[in-house]
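The values are calculated or read from the model by the stated rules, or taken from the named source; none is laboratory data. Predicted model only: the values in this text are computed from it and were never measured. With ideal geometry, Cβ positions are generated from the backbone for all residues, glycine too; neighbour counts draw on all protein chains shown.
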């Protein structure tokens, strides 16, 4: 992943974390240098207190070969990646960790442990994913959802996806996050189901079925992101040109959008899974250090918000 020029957006998130004690975090299977370095650097910045869950000997070998000092950190032995995911989830359920962080295991291994009906971390909400993006050409942090978990979300799924993102944005300090519900056009038509979902979501927000945010849609991407484009098309909207959240019609659209912003606009993106009992940090070996640290900062703010309002 490309590294964006520092714009100060992620740095403002880090500033909000100052003065807050680090949060216990179960790091599942940090058995590659990038995963281990990410957890250790976040700890050095006072964001998390990592519990390193995985094969103890292998973690020690990675630390030695990469000159990483683990003397201050606890290692919780688990035999393999599946076992590490299950043990990390167990630590959360036992109250020993308030954040779950992906190490070098596959995402589906970690998600399988999270959504397990027997010992997982399900809540009444549908689980969803957000990219918290620092786009150099945009004036504030931009949240894109869902680009990684829900392939073809129903209207009811989108209610939870939207509410998860709104709650996250509020945790980051926004009083009333603005949500642009994306489609290919800005008019409602039965020929394009995404526009019907967008209209329904706006009405549901009016009726209190979605709370805390200001919703508008359907909005084509240009109208959502540019007040001038919206004005040209005669769209009067308090969201157009200033959204905090972009709600994609489906996973493919969200994933393409997020990757376009990364590779064409030099955006950094922090990944987070929401809707579980604790925030889940999803990092990639391709993530920049700045993105990994931002992911931990966001998770820390969410964890503190949950302490205040479970």
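So residue 129 fits all but one of (1) over 22 Å from residue 255 (Cβ atoms); (2) at pLDDT 95 or above; what number is the exception?
If we test residue 129 against (1) over 22 Å from residue 255 (Cβ atoms); (2) at pLDDT 95 or above, just (1) comes out false.
For residue 147, work out the one condition from (1) crowded, with 24+ Cβ neighbours inside 10 Å; (2) assigned by TED's automatic domain parsing to the domain that holds residue 36 it doesn't fulfil.
(2)
Can you name every residue in the stretch 19-33 that is out of contact with any helix residue (DSSP H, G or I) (no Cβ under 8 Å at 6 or more places or on another chain) and either buried (at least 24 other Cβ atoms within 10 Å of the Cβ) or in contact (Cβ under 8 Å) with a residue 40 or more places away in the chain (or both)?
Start the filter on the stretch 19-33 by keeping residues that are out of contact with any helix residue (DSSP H, G or I) (no Cβ under 8 Å at 6 or more places or on another chain), which leaves 19, 21, 24.
24 - this is the single residue of the stretch 19-33 that is out of contact with any helix residue (DSSP H, G or I) (no Cβ under 8 Å at 6 or more places or on another chain) and either buried (at least 24 other Cβ atoms within 10 Å of the Cβ) or in contact (Cβ under 8 Å) with a residue 40 or more places away in the chain (or both).
Kindly establish whether residue 242 is outside any strand (DSSP E or B), in contact (Cβ under 8 Å) with a residue 60 or more places away in the chain, assigned by TED's automatic domain parsing to the domain that holds residue 47 and surrounded by 14 or more Cβ atoms within 10 Å (Cβ to Cβ). Spell out the reasoning first.
Numbers: outside any strand (DSSP E or B): yes; in contact (Cβ under 8 Å) with a residue 60 or more places away in the chain: yes; assigned by TED's automatic domain parsing to the domain that holds residue 47: no; surrounded by 14 or more Cβ atoms within 10 Å (Cβ to Cβ): yes.
Criteria not met by residue 242.
May I ask you to verify whether residue 203 is out of contact with any helix residue (DSSP H, G or I) (no Cβ under 8 Å at 6 or more places or on another chain) and over 17 Å from residue 146 (Cα atoms)?
Working: out of contact with any helix residue (DSSP H, G or I) (no Cβ under 8 Å at 6 or more places or on another chain): yes; over 17 Å from residue 146 (Cα atoms): yes.
Considered against the rule, which asks whether it is out of contact with any helix residue (DSSP H, G or I) (no Cβ under 8 Å at 6 or more places or on another chain) and over 17 Å from residue 146 (Cα atoms), residue 203 comes out as yes.
Of the residues in the stretch 248-276, how many are surrounded by fewer than 24 Cβ atoms within 10 Å (Cβ to Cβ), over 14 Å from the mean Cα position of the chain (by Cα) and not in a helix (DSSP H, G or I)?
Qualifying residue count, the stretch 248-276: 4.
Just name the residue that is farthest from the chain's Cα centre (by Cα) out of those in the stretch 225-234 that are within 20 Å of residue 177 (Cα to Cα) and surrounded by 18 or more Cβ atoms within 10 Å (Cβ to Cβ). Before the answer, list the steps.
Residues of the stretch 225-234 that are within 20 Å of residue 177 (Cα to Cα), as a first pass: 225-227, 230.
Narrowing the set further to residues that are surrounded by 18 or more Cβ atoms within 10 Å (Cβ to Cβ) leaves 225, 230.
Numbers: 225: 20, 230: 28 Å.
Only one residue tops the list, namely 230.
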